[in-house]
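One structure below.
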Amino acid sequence: MALPKRKTSKRKLRVRRAIHATKIDYAAVHKCSQCGAPKRPHRICPSCGYYNGRQVLSSKTA
Ligand SMILES: [Zn+2]
């Protein structure tokens, strides 16, 4: 089984994790096509309950 030659430095580890965190910030929020509220992609909108142009959750707020 392959082993790493050197221990990953604190800086290298933190830089790697920081890149991952920024990626989440960039990619994880989309706008709802129905109401324009921020929502996660491929998820039902928490504001109006719409997904893919039709209402999935029954919400009385929308
Ligand atoms: Zn919505």
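Just so you know, all these numbers are worked out from the coordinates, no wet-lab data involved. Keep in mind that what you see is a predicted model, and the values were worked out from it rather than measured. Cβ placement follows ideal geometry from the backbone for every residue including glycine, while neighbour counts extend to all protein chains displayed.
Per-residue Cβ neighbour counts within 10 Å put 45, 35 in the sequence 35, 45, beginning with the fewest. Other residues lying with their Cβ under 11 Å from the Cβ of residue 46 contribute a combined charge of +3, Lys and Arg counting +1, Asp and Glu -1.
Per-residue Cβ neighbour counts within 10 Å put 9, 33, 47 in the sequence 9, 33, 47, beginning with the fewest. Rounded to whole numbers, the Karplus 3J(HN,Hα) couplings from phi for segment 44-49 are 5, 5, x, 7, 10, x Hz, using 6.51 cos²θ - 1.76 cosθ + 1.60 with θ = phi - 60°, and x at Gly and Pro. In order along segment 2-14, the phi-based Karplus estimate (6.51 cos²θ - 1.76 cosθ + 1.60, θ = phi - 60°) of 3J(HN,Hα) comes to 6, 10, x, 5, 10, 5, 5, 5, 4, 4, 4, 5, 5 Hz; Gly and Pro are listed as x.
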